[in-house]
1. Just to verify a result, which residue in region B:77-93, among those that are free of Cβ contacts under 8 Å to residues at least 40 places away in the same chain and part of a helix (DSSP H, G or I), is nearest to residue B:156 (Cα to Cα)?
2. I'm checking my understanding of the structure. Among residues of region B:162-181 that are among the hydroxyl-bearing types (Ser, Thr, Tyr) and in a helix (DSSP H, G or I), which one is nearest to the chain's Cα centre (by Cα)?
3. Would you mind stating whether residue A:164 is out of contact with any helix residue (DSSP H, G or I) (no Cβ under 6 Å at 6 or more places or on another chain), in contact (Cβ under 8 Å) with a residue 12 or more places away in the chain and part of a helix (DSSP H, G or I)?
4. Report, by residue number, each residue of region B:186-201 that is buried (at least 18 other Cβ atoms within 10 Å of the Cβ) and not basic (Lys, Arg).
5. Cβ contacts < 8 Å: first residue more than 11 Å from chain B (Cβ to nearest Cβ), restricted to region A:79-93; second residue aromatic (Phe, Trp, Tyr), any location; separation 6+ or different chain. Result?
6. Please work out which one of (1) surrounded by fewer than 16 Cβ atoms within 10 Å (Cβ to Cβ); (2) away from chain A (no Cβ under 14 Å) is the condition residue B:161 fails and give its number.
7. Could you go through region A:102-122 and let me know if any residue there is away from chain B (no Cβ under 14 Å) and more than 22 Å from residue B:57 (Cα to Cα).
Amino acid sequence: MTLGQQILQQLINGIALGSVYALIALGYTMVYGIIRLINFAHGEVFMIGAFVGYFAITLFKFSFIPALIFAMLFCSLLGIIMERLAYKPLREAPRIAALMTAVGLSIFFQNLMVYLKWVGASPKAFPRVIEITRYEIMENVYLTSDKILTLGVALALMLALQYVVHKTKMGRAMRAVSQDKDAAQLMGINVDTTISFTFALGSALAAAGGILYAVSYGKIIYNMGTMPGLKAFVSAVLGGIGSIPGAVAGGMLLGIVENAVSAAGMSMLRDAVAFAILILILLIKPTGLLGKNTREKV
Amino acid sequence: MKKSTIINLIFVLAIGIALHLLRKAGFINGYYDHILTKICMFIIAAVSLNLINGICGQFSLGHAGFMAVGAYIAAIFTKNPGLIIPEAIAGMPRFFVALIIGGLMAAFVGFLVGLPTLRLRGDYLAITTLGFGEIIRVLLLNWKFVGGASGYFGIKPYANFLSVYVLAVITVFIIQNFITSSYGRACIAIREDEMAAETMGIHTTKYKIIAFVLAAFFAGIAGGIYAHLMQAIMPRDFSFLVSVDILLMVVLGGLGSTSGSIMAAIFLTLVTESLRRFQSLRVIIYSLMLIFIMIFRPQGLLGGQELSVSMLKEKIKLLFGRIKPEKGYASTNGTE
């Protein structure tokens, strides 16, 4: 295997992992863009999505696509409930209060899963939804079917999101609320509905990310959301928090860098790399790669 | 010193002496002695976290990480005689020197973490400290010298009730003095409105970093105490959930209230000890508590007021209707 082939192979692996990060990062960035909140519980939505998919496949005997849609619907409902019950009362409160609630929710969901009898603390094997076949696309460079599935689903969802945000009425409302909540309200936009819709959209994407992650890793556990959640946040900051294309670019970039670090034989440092990137980006360009530099007004 | 400060100090000393005498007389057995020491350790941790989260209005989630740094560093120094500290210093003095080195190390790490993030306005500190806590844990797991995942054993039990009680009193005294100083007022101004504070000429980054580093120092001390209390430390003793336990103490006591943090630390340590058998249920209850307090009583139990002997006296006088209510006896900080 030459160096060039190895780089190409790691690039493919990195993009597949990165597309999962990107799906989660989209939820972070949209929620942050609209109510300026880091939704710490977003990683837990990702985890719950994977579990719902697992139960849909094993218990209800769904096939892959219906299970995916079921998990996405379930999690968007969860997202709406979470927003209505926990975040909406705190919309006018100091930011730190909402952040702490988010942390509380995250721990609550994780430990609830441990407490539930049919989930528990031990990992579960995710059913194989697709036959793993390897395609040699070039000499010594392989593309596996689960990576094609991950990339295909992620890409389709991103295109769908792009359509929703830019071509529908709800998407226009989302963009308006993220620019100026009060002005949007004066223009007759229902701000509450728009925020709930944003949570639903973000949670659905996280659920899809969870299932794709489970498909490629083969097992699910109650705390699987923590690290991908944190890394997705780093991706969102890397791309410029609040920017949708930024979240996608940041996720892909982080996936590639992480894979490169593991391939270089430093897999122990894999998790640390994400935070090194975060610190660097905060030092050099806090607005991120694609973020706009907005001036704060009093 | 103000008269009320002296009264409070005498009060605190009286409690310490009373508890110590009870221990000596054998009314408090080893198990409760252990819990009392643990309470004092959590008081140090909670009061220091309150400085960042309550007084400065920044959101740190990495207290367990700083505790881990302090715990491991202090333990390394007490376990290896002759390492940097001369061998002549042995026993208790060595423990205190090791604690301070552990605290300084935690403070240094806090500086490194705080510098890039506290420069910015916004919630980056939360996510950076969260990530930092995880990284510290991963690094410790892979550090063979301190035992990796199996833990670091055979630490001498220097942390007894009396010494830790004194340390807790000193910590509260220093932090309370910081809060009432001009530094503390600058921090409160930053909490209330960062932009207005900056307009008033407060170097916001500087004050945020000072508060953060001071809090990291005391978290390191608390970690060192933990190591010499439990006699064995493992990386998973400093997981994210420990940070959340301390956070809940601060929130329950009321963001910005030192005495609230102290009372909540006492209360929650006792509850945790009695619910030890129901680990995951306890965490569920704690997380729900965190959420409900934030939604329904964001000011916490004391609501940013300070409890002191003189305030209690006023309350009792009020109860018997001898004087008219006087406004503003809780001087340092109104959260509203």
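1. B:77
2. Taking the candidates together, the pick is B:171.
3. no
4. B:186, B:187, B:188, B:189, B:190, B:194, B:197
5. Every condition considered, the pairs that remain are A:79/A:199; A:80/A:199; A:83/A:199.
6. The failed condition is (1).
7. yes
Each row is one residue, and each column tells you yes or no for (1) of a type outside the set (Asp, Glu); (2) in a helix (DSSP H, G or I); (3) closer than 26 Å to residue B:152 by Cβ; (4) within 14 Å of chain A (Cβ to nearest Cβ).
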site: B:183; (1), (2), (3), (4): yes, yes, no, no
site: B:191; (1), (2), (3), (4): yes, yes, no, yes
site: B:205; (1), (2), (3), (4): yes, yes, no, yes
site: B:210; (1), (2), (3), (4): yes, yes, no, no
site: B:215; (1), (2), (3), (4): yes, yes, yes, no
site: B:224; (1), (2), (3), (4): yes, yes, yes, no
site: B:227; (1), (2), (3), (4): yes, yes, yes, no
site: B:244; (1), (2), (3), (4): yes, yes, yes, yes
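None of the figures in this text is laboratory data; all of them are computed from the coordinates on show. Computed from a predicted structure; not experimentally measured. Neighbour counts are summed over all protein chains in view; Cβ atoms, including those assigned to glycine, are modelled from backbone coordinates with ideal geometry.
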